[in-house]
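For reference, the structure is listed below as structure tokens.
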């Protein structure tokens with residue numbers, strides 16, 4: 001007996017994930033293939049797009065082997081934002097993709113801001129500042145430092161759109177991912193003619209823009225032969241990983257918010273209009289629904305910071321099953337404030353609120369009395385403090401949710417859920433699906449295939465939230481002094497770095 005399912009793909013930094021979801025929202029099968037990260041120099045981050053394609057094919061074959069009897073009605077794709085995929089006229093990859101976490105473009109950001117006439121112009125044209133992680137500065141870096149490679153570039157794509165191109169032969173994107181390029185105006189939902197002119201780039205470099213739930217291509221015969229998919233299977237626009245992650249937990253309406261721990265950490269709040277932070281500390285991007293936007297603060301190292309700590313400073317447990325849970329259990333009895341230890345999770349620079357690619361991590365306040373338990377507690381608190389910075393900015397701008405949906409690594413552990421509630425000072429909840437952006441991509445595929453009239457109907461039919469759990473007010477108050485220490489540490493270290 002065959003079952004019609006919807007396929008969600010997520011082209012992440014650490015893995016390609018593929019899931020099959022039934023029309024009632026149940027997970028039929030899942031497959032994940034790990035990816036490696038190249039760091040040719042400190043602060044650089046690259047991956048080979050053809051490795052994403054190879055991992056996608058492997059994941060698709062494994063998925064279909066697991067889910068025998070399932071037919072795929074439609075495909076949705078999510079992926080890491082900002083990363084620059086450069087293709088030549090024949091569609092071949094010119095060089096490895098510069099990733100969202102790559103920080104080499106500080107000079108390009110400064111020169112672009114000057115050429116535009118200041119950040120006020122960027123705020124008017126694209127609602128965001130020039131940051132090292134965004135796509136446009138990466139293009140300018142390649143143009144300046146690798147002119148021979150740049151002369152070959154005919155098309156610029158984002159990671160998920162590269163996989164769509166390999167599956168369908170269609171060059172296309174959609175607003176949520178285009179928003180993170182610095183070449184797209186989220187308010188007008190179109191490529192910015194002003195930024196293209198200032199950057200000296202032709203519009204022909206960029207793909208056409210369609211809807212996130214709109215069918216933008218169909219699987220070709222060649223891709224079908226490689227992947228096992230049926231030729232002609234529709235592929236919808238999909239979305240950026242953060243937008244699809246929010247959709248995958250039902251955070252699609254103004255008045256709601258989600259905090260996510262992946263490699264990076266984010267706090268995202270949908271809005272009914274394209275609100276812009278006057279200080280440009282938070283991002284303004286399109287959501288995966290028509291006429292919905294979102295504000296987002298980003299901590300560049302969340303899960304990545306904890307993974308670094310585990311692998312480098314807890315090597316006796318790193319690599320063993322349950323190592324993260326073991327470290328959390330050690331940290332749980334430590335009182336709030338980690339015995340005076342403060343951790344800054346800025347191991348790859350920081351986005352919100354500092355906008356400083358040169359920021360670096362630190363442990364402060366160490367003594368001979370401290371143990372691994374205090375250090376672990378400090379790392380977890382530091383990640384939460386970084387996200388609290390973002391949450392505070394979103395509240396300043398009018399996004400004041402009554403509760404916060406948790407997803408990713410920070411949602412799976414009762415202690416981490418409680419820690420976030422206490423540090424944020426608000427109720428938190430989880431959902432019954434924990435498949436991340438791939439689940440949101442699958443729901444978009446279901447909408448595109450006509451299984452649901454819109455994304456709101458899809459989330460109502462498939463997602464259930466846990467009862468919200470609020471913090472003890474006294475517990476929240478106990479973090480006032482540790483959070484103040486955290487806030488004071490970055491300016492002091494930046495001043496020391498500048499000497």
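Details
- Relative contact order of segment 247-389, defined on C-alpha pairs under 8 angstrom at six or more residues apart (%): 22 percent
- Residues in segment 231-255 reached by a label modelled at residue 461 [backbone nitrogen below 20 Å; 7 Å Cα→Cβ]: 234-239, 244-253
- Three-way shape call for segment 332-373 based on the alpha-carbon gyration tensor, with the a/c threshold at 1.5: prolate
- For segment 1-108, convex hull volume per residue from C-alpha positions, Å³: 118 Å³
- Helical content alone sets the calculated 222 nm signal of the chain at -11500 deg cm²/dmol, taking -39,500 (n - 2.57) per DSSP H segment of four or more residues and averaging over every residue.
- With the simple model of a label 7 Å out from the Cα in the direction of the Cβ, residue 325 to residue 481 spans 3.5 nm.
- With a Förster radius of 41 Å applied to the beta-carbon distance between residue 197 and residue 368, the computed FRET efficiency rounds to 0.10.
- Scattering profile of segment 107-223 at q = 0.09, 0.19 Å⁻¹ [log10 I(q)/I(0), Debye over alpha-carbon scatterers]: -0.26, -1.03
- Relative contact order of the chain, defined on C-alpha pairs under 8 angstrom at six or more residues apart (%): 16 percent
- Once the Kirkwood radius over Cα pairs is known for segment 383-499, the Stokes-Einstein relation at 4 °C and 1.567 mPa s delivers a diffusion coefficient of 78 µm²/s.
- Using a Förster distance of 30 Å, the FRET efficiency for residue 3-residue 54 (Cβ separation, nearest 0.05): 0.60
- Percentage relative contact order, segment 308-457, counting C-alpha pairs under 8 Å, at least six apart: 18 percent
- Cα gyration tensor, segment 191-251 - rounded (a/c under 1.5), prolate or oblate: oblate
- Taking the three principal axes of the alpha carbon atoms in segment 3-248, the coordinate ranges are 58, 36, 29 Å, sorted in descending order.
- Using the alpha-carbon positions of the chain, Rg (one decimal) and Dmax (whole number) come out as 21.8, 70 Å.
- Efficiency of FRET from Cβ geometry, residue 272 and residue 144, R₀ 45 Å, rounded to 0.05: 0.65
FYI, it's all coordinate maths here, none of it is from the lab. Model, not experiment: these values are computed from the prediction. FYI the Cβ positions are ideal-geometry reconstructions off the backbone, even for glycines, and counts take in every protein chain you see.
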